[in-house]
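Written out below as structure tokens is the structure these notes cover.
The values are calculated or read from the model by the stated rules, or taken from the named source; none is laboratory data. Note that the structure is a prediction, hence the values are computed from the model and not measured. FYI the Cβ positions are ideal-geometry reconstructions off the backbone, even for glycines, and counts take in every protein chain you see. SASA here: full protein model, heavy atoms, side chains in, ligands and nucleic acids out. Shrake-Rupley method; radii C 1.70, N 1.55, O 1.52, S 1.80 Å.
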Amino acid sequence: MEEPMRTSAKKRLHFFIIAIVVFTLGFQLLPESLPLNEGLIATWPLALAVGGYFVLLPVLYWLWVIKSGKQKPWKILIVFSLACLCARYSFPSNIAEYFEFITYVRYPIIAILLIVELYLMVTIIKGLWQARSLSGDPRVHTFDKYKNDDKKLTAALPLSWEPASWYYTFPRFSRNHPEALTALKLMSSNRWHWLSMIAVFFIAGVISYQALVGWSEIAAVIVASLFFYSIILITANHRVSKHYSIYQNEEKLMINGAFLNFLSVNTSDIAAVNIGQFNKKDNKEQLMMGKGDKANIELVFTQPQIYVAMMGSLNEPVDKVWLNVANPQNIADALDKTDSQ
């Protein structure tokens, strides 16, 4: 593990697993039509599905994702929208028709998705072009631009991972990148980890193609291509972990928990830098970045900083961070030098 999992992360994972189980059971166990004249025996599976879709999952999402992860309340709409969509295609036909409104909005949704795809293509091309002379991470530029607007940040930040993955994959694009102060101790920085992940995704792409080609050649090509394309992300993850896990760019300290998570902090917001031994067992809720259960440096902030997790899909405020790094003194010296200027 790159980072010991905190309670909030565990709860998000538990919700994801429970949601998969609930929706899978709904699709597998609900009948195609509901004979209303057979009483409660025939309707209890539907009642359980309704309770699972529209009561259990929203309540768990509110408690385990929004409250535990300190997310914005409007995100509860995500689970309700997903529940309505699954109800439309898993409920008995004479009940599912009440969710027909989902099909009415499919064309606007498709149009929006096409616009997003076109925007993504433009973002990729523009990001690649700008990467020739960027002195920092494209994700950080996006974060700095929208960090005061949660809705725009939620929409824009995940898109920034695409140009950032190309930026870090090819050394020529990141040739102007600031040098690292030190390195987080991350498993993904090892060459064997990089090669093994490439092998796993390549084999998964071949297997998925063989499994789907008999059903749909188009679906087989799409799924296999996604696995093969992930090699770009894997390579970026390796190079970030090995070369750029912790660096300072002017007045910002950038901490990359591999490539999927990061913390960007203004050096003026760092109240204290403490070098020592910090045991994860003493505070399981504390954010720790780096492999293992012990950290060797603590950064305390004057105000909460946004920890960007899961490629920008989950962001939460933190008031301090523990790091397990190769040379903690390098960080302390760099920040002391910044304060003295």
Lone unmet requirement of (1) in contact (Cβ under 8 Å) with a residue 60 or more places away in the chain; (2) in contact with a helix residue (DSSP H, G or I) (Cβ under 9 Å, 6 or more places away or on another chain); (3) among the polar types (S, T, N, Q) for residue 225: (1)
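Going through 232, 255 one at a time, which residue ends up being assigned to a strand (DSSP E or B) and within 30 Å of residue 71 (Cβ to Cβ)?
Working: 232 fails: assigned to a strand (DSSP E or B).
Checking each option against the conditions leaves just 255.
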Looking only at the stretch 279-293, and only at residues there that are in contact (Cβ under 8 Å) with a residue 24 or more places away in the chain and surrounded by fewer than 20 Cβ atoms within 10 Å (Cβ to Cβ), the one that is nearest to residue 138 (Cα to Cα): 291
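Given the structure, is residue 264 outside any strand (DSSP E or B) and either open to solvent by less than 70 Å² (accessible area, probe 1.4 Å) or small (Gly, Ala, Ser) (or both)? Please lay out each step first, then the result.
Numbers: outside any strand (DSSP E or B): no; either open to solvent by less than 70 Å² (accessible area, probe 1.4 Å) or small (Gly, Ala, Ser) (or both): yes.
For residue 264, the condition - outside any strand (DSSP E or B) and either open to solvent by less than 70 Å² (accessible area, probe 1.4 Å) or small (Gly, Ala, Ser) (or both) - is not met.
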Residue match in the stretch 240-251 (condition: over 20 Å from the mean Cα position of the chain (by Cα), without any contact (Cβ under 8 Å) to a residue 40 or more places away in the chain and either farther than 22 Å from residue 193 by Cβ or not assigned by the TED database to the domain that holds residue 194 (or both)): yes
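Among the listed residues 305, 286, identify the single one that is polar (S, T, N, Q) and part of a loop (DSSP other than H, G, I, E, B). Let's see the steps before the verdict.
Details: 305 fails: part of a loop (DSSP other than H, G, I, E, B).
Testing whether each residue is polar (S, T, N, Q) and part of a loop (DSSP other than H, G, I, E, B) leaves just 286.
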Answer from 6, 88 - the residue that is modelled with pLDDT under 75 and basic (Lys, Arg): 6
Residue among 296, 324 that alone is surrounded by 18 or more Cβ atoms within 10 Å (Cβ to Cβ) and more than 25 Å from the chain's Cα centre (by Cα): 296
